[in-house]
1. Would you grab the residues whose amide H sits under 5 Å from the one on A:Gly51? Only those 5+ places off in sequence or on another chain, please, with H modelled 1.01 Å from N.
2. Neighbour counts of other C-beta atoms within 10 Å: give me B:Thr80, A:Thr15, B:Thr108 arranged from fewest to most.
3. How large is the convex hull of the Cα atoms of the protein assembly as shown per residue, expressed in Å³ as a whole number?
4. Counting other C-beta atoms within 10 Å, which of B:Thr9, B:Thr103 has the fewest, and how do the rest follow?
5. When you have a sec, figure out the Kirkwood radius of chain B from all distinct Cα pair distances and drop it here in Å to one decimal?
6. State, as an integer percentage, the relative contact order of the range B:1-81 based on alpha-carbon contacts under 8 Å between residues 6 or more apart.
7. Fewest to most neighbouring Cβ within 10 Å: what's the order for B:Ile49, B:Ile95?
8. Between B:Val85 and B:Tyr64, what length comes free when the chain is fully extended (0.36 nm per residue of separation minus the Cα-Cα distance, one decimal in nm)?
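What follows draws every value from the coordinates through simple rules; no lab data is involved. On a predicted model such as this, the values are computed, not experimentally measured, just so you know. No Cβ is skipped: glycine too gets one built from the backbone with ideal geometry, and neighbour counts run over all protein chains shown.
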Amino acid sequence: NAGVTQTPKFQVLKTGQSMTLQCAQDMNHEYMSWYRQDPGMGLRLIHYSVGAGITDQGEVPNGYNVSRSTTEDFPLRLLSAAPSQTSVYFCASSWGDLNTEAFFGQGTRLTVV
Amino acid sequence: AQKVTQAQTEISVVEKEDVTLDCVYETRDTTYYLFWYKQPPSGELVFLIRRNSFDEQNEISGRYSWNFQKSTSSFNFTITASQVVDSAVYFCALIKAAGNKLTFGGGTRVLVKP
């Protein structure tokens, strides 16, 4: 059981480039979400999805797009990378029941130069 | 709006000392869950515990214990007899009834020296 798989683990982008961070889960979880982790700020929610075809914005959505065409996959797109998007990105999934914890991927460390 | 505050940014202890991590939260919801996650140097997030807003019993799991006090909106975490392997960043988080979205505190880095 792989859990939540994120690719790539590391990425360096030039300002203005676009890319997609991949996230896949094999637990049939309805809820998936993307967070970014910055020093001293904990993890902040970027976008989330409560099921296939349904997405919504979190706390810091600007500069990012998401889609949820299947239950398993929840890619995060950076349309035009900026140095402010240098961060560690975590994808998470859960059943959606409050009484269950979120499972996190290993993270993607992104540097925008 | 929800908020989670971990006032301690870094704590350094010598092995076998106890260490307590503070977590204070704000929410208008009556139903919510609180979590603690551990992030070791390898970077992954490891779930430690959850507690719902209606259960104020303290909990102990091995060397870990948690003190939930609704009256002070606090959910503190104690590591007893710390070990070097406890060195990590610890996050407190809150989830409210609707939306399944976690709000994290800023994290507390614990350094346990041999």
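1. Long-range HN contacts for A:Gly51: A:Met32.
2. Details: B:Thr80 14, A:Thr15 11, B:Thr108 21.
In order of increasing Cβ crowding within 10 Å: A:Thr15, B:Thr80, B:Thr108.
3. Working: hull volume 27.4 nm³, N = 227.
It comes to 121 Å³ per residue, whole-number rounded.
4. Values: B:Thr9 12, B:Thr103 23.
Ranked by crowding around the Cβ, least crowded first: B:Thr9, B:Thr103.
5. Details: mean 1/r = 0.0703 Å⁻¹.
Every distinct Cα pair counted, the radius reaches 14.2 Å.
6. Working: 134 pairs, mean separation 25.6, N = 81.
Reported relative contact order: 32 percent.
7. Details: B:Ile49 17, B:Ile95 26.
Going from least to most buried by this count: B:Ile49, B:Ile95.
8. 6.3 nm
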